[in-house]
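Student: Below you will find the structure I want to go over with you.
The values are calculated or read from the model by the stated rules, or taken from the named source; none is laboratory data. These numbers come from a predicted model, not from an experiment. For neighbour counting, all protein chains shown are included, and Cβ atoms are generated from backbone atoms with ideal geometry for every residue, glycine included. Note: areas computed on protein heavy atoms with side chains; ligands, DNA, RNA excluded. Shrake-Rupley method; radii C 1.70, N 1.55, O 1.52, S 1.80 Å.
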Amino acid sequence: MKSELVAAVRRFNRTVTQRVGALDDEYMTSGRPLAQARLLWEIGPDGAEVAALRARLGLDSGYLSRLLRTLQGDGLVTVGPAEQVGGDARVRVAALTEAGRAEWATLDERSDEFAWSILAPLSGQRRDQLVAAMAQVERLLIASMVVVEPCPPSDPRARACLRAYARDIARRFDDGFDPALSNPVHDEELVPPAGVFLLATLNSEPVGCGAVKLHPDAPAEIKRVWVADTVRGLGMGRRILGDLERYAAERGWTRVRLDTNRNLTEAIAMYHSAGYREIEPYNTEHFAHHWFEKQLDPSQG
């Protein structure tokens, strides 16, 4: 770990914490600390499922429950089953009371004023620079929040990713995508020791996937690499690809290969930049126009 990088992140954290008032007893003079104000904001006028709030804010159940009880005690929030609003009785929903909506509106107004207080001292050009830098930092922080880990391909989240993958390539392929015409990939081929399916999640929501098949006496094979629009441009495809390569290398494979369609230009560019070289066809995949192979670095294993 680079000590100078860690030190830079810590300096940035201290500056931001001080500038946004995270240490103030009363966040933006709202009369409540930052955690309560943020939770009130996230519930919003439309309400929110408690499970979604927990995932979105990265809070454990106990802490979130304590925050909700405080807001309930102050008469700002109600928490009850979703059936009260025509939903599933097993799902708990937090909603703002009339007093809660009034405080939310005040918080919204003060948030605008606070944002302007950061921009006002700067010249027009420096404001643009700060906003652009903030957008870049936000995207990089989101990328750092994505978790990539093995997942059974039968998991509902994995299934959701594979359906999204199929919809995505169907829009992009010249003649659409018919799974019946594609070489099948069976679940048992994507679980250890035959292979692995990796799932990428952001706040517990699936945002990407990829798999590798570990063929006996043949190169490993990358399959089903997909990234959601919400995290595209953040290097997630390259990250998933690298994790799949490492998985294969750690188990003794020295080469990995894949096939792809000519319309997936971003993927083709990624494979080239990741060190893949184009080879002759190694399968009869109906939708493939390009076949690639890469020699794995033994140090990855």
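Student: Take the conditions open to solvent by 50 Å² or more (accessible area, probe 1.4 Å) and modelled with pLDDT under 95 and apply them to VAL147. Does it pass?
Tutor: The answer is no for VAL147.
Student: Answer with yes or no whether LEU214 is over 28 Å from LEU181 (Cβ atoms) and among the aliphatic types (A, V, I, L, M).
Tutor: no
Student: If you don't mind, there's one more thing I want to ask. In region 158-184, how many residues are out of contact with any helix residue (DSSP H, G or I) (no Cβ under 9 Å at 6 or more places or on another chain) and open to solvent by 30 Å² or more (accessible area, probe 1.4 Å)?
Tutor: Selection size over region 158-184: 15.
Student: Among the candidates ALA248, ALA211, ALA200, ALA180, single out the residue that is assigned to a helix (DSSP H, G or I), at pLDDT 95 or above and either among the small types (Gly, Ala, Ser) or not assigned by the TED database to the domain that holds THR284 (or both).
Tutor: Result: ALA248 is the single residue among ALA248, ALA211, ALA200, ALA180 that is assigned to a helix (DSSP H, G or I), at pLDDT 95 or above and either among the small types (Gly, Ala, Ser) or not assigned by the TED database to the domain that holds THR284 (or both).
Student: Moving on. Identify, by number, the condition in (1) part of a strand (DSSP E or B); (2) open to solvent by less than 50 Å² (accessible area, probe 1.4 Å) that LEU234 doesn't meet.
Tutor: Result: LEU234 fails condition (1) only.
Student: In this structure, is ASP112 outside the structural domain of GLY75 (by the TED database), within 28 Å of the chain's Cα centre (by Cα), acidic (Asp, Glu) and part of a helix (DSSP H, G or I)?
Tutor: Here the answer is no, as ASP112 does not meet what is asked.
Student: Quick check: is even one residue across region 117-134 open to solvent by 80 Å² or more (accessible area, probe 1.4 Å) and not in a helix (DSSP H, G or I)?
Tutor: Scanning region 117-134, I find at least one residue that is open to solvent by 80 Å² or more (accessible area, probe 1.4 Å) and not in a helix (DSSP H, G or I), so the answer is yes.
Student: If you go through region 183-197, how many residues are small (Gly, Ala, Ser) and either in contact (Cβ under 8 Å) with a residue 24 or more places away in the chain or part of a strand (DSSP E or B) (or both)?
Tutor: Number satisfying all stated conditions: 1.
Student: Just for region 81-96: of the residues that are assigned to a strand (DSSP E or B) and either under 16 Å from ALA51 (Cβ atoms) or in contact with a Lys or Arg (Cβ under 7 Å, 6 or more places away or on another chain) (or both), which one is modelled with the lowest pLDDT?
Tutor: Among them, the one singled out is PRO81.
Student: With ASP155, ASP108 as the choices, which residue is open to solvent by less than 40 Å² (accessible area, probe 1.4 Å), on the phi < 0 side of the Ramachandran plot and either of a type in the set (Ser, Thr, Tyr) or in contact with a Phe, Trp or Tyr (Cβ under 9 Å, 6 or more places away or on another chain) (or both)?
Tutor: ASP155 is the lone residue from the list that is open to solvent by less than 40 Å² (accessible area, probe 1.4 Å), on the phi < 0 side of the Ramachandran plot and either of a type in the set (Ser, Thr, Tyr) or in contact with a Phe, Trp or Tyr (Cβ under 9 Å, 6 or more places away or on another chain) (or both).
Student: For region 275-287, check the following and say yes or no: at least one residue is small (Gly, Ala, Ser) and in contact (Cβ under 8 Å) with a residue 40 or more places away in the chain. Can you show your working first?
Tutor: First, the residues of region 275-287 that are small (Gly, Ala, Ser): 275.
With in contact (Cβ under 8 Å) with a residue 40 or more places away in the chain added as a condition, the list becomes none.
The answer is no; no qualifying residue exists.
Student: Restricting to region 38-80, name every residue that is in a strand (DSSP E or B), open to solvent by 40 Å² or more (accessible area, probe 1.4 Å) and either in the same structural domain as PRO206 (by the TED database) or closer than 10 Å to GLY100 by Cα (or both).
Tutor: THR78
For (1) more than 24 Å from the chain's Cα centre (by Cα); (2) within 22 Å of PRO216 (Cβ to Cβ), each residue gets a yes or a no:
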| residue | (1), (2) |
| --- | --- |
| THR254 | yes, yes |
| THR265 | no, no |
| ILE268 | no, no |
| TYR271 | no, no |
| HIS286 | yes, no |
| TRP291 | yes, yes |
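Student: Hey, can you tell me all the residues within region 114-157 that are under 17 Å from GLY21 (Cβ atoms) and free of Cβ contacts under 8 Å to residues at least 60 places away in the same chain?
Tutor: Selection gives ALA115, TRP116, SER117, LEU119, ALA120, PRO121, MET134.
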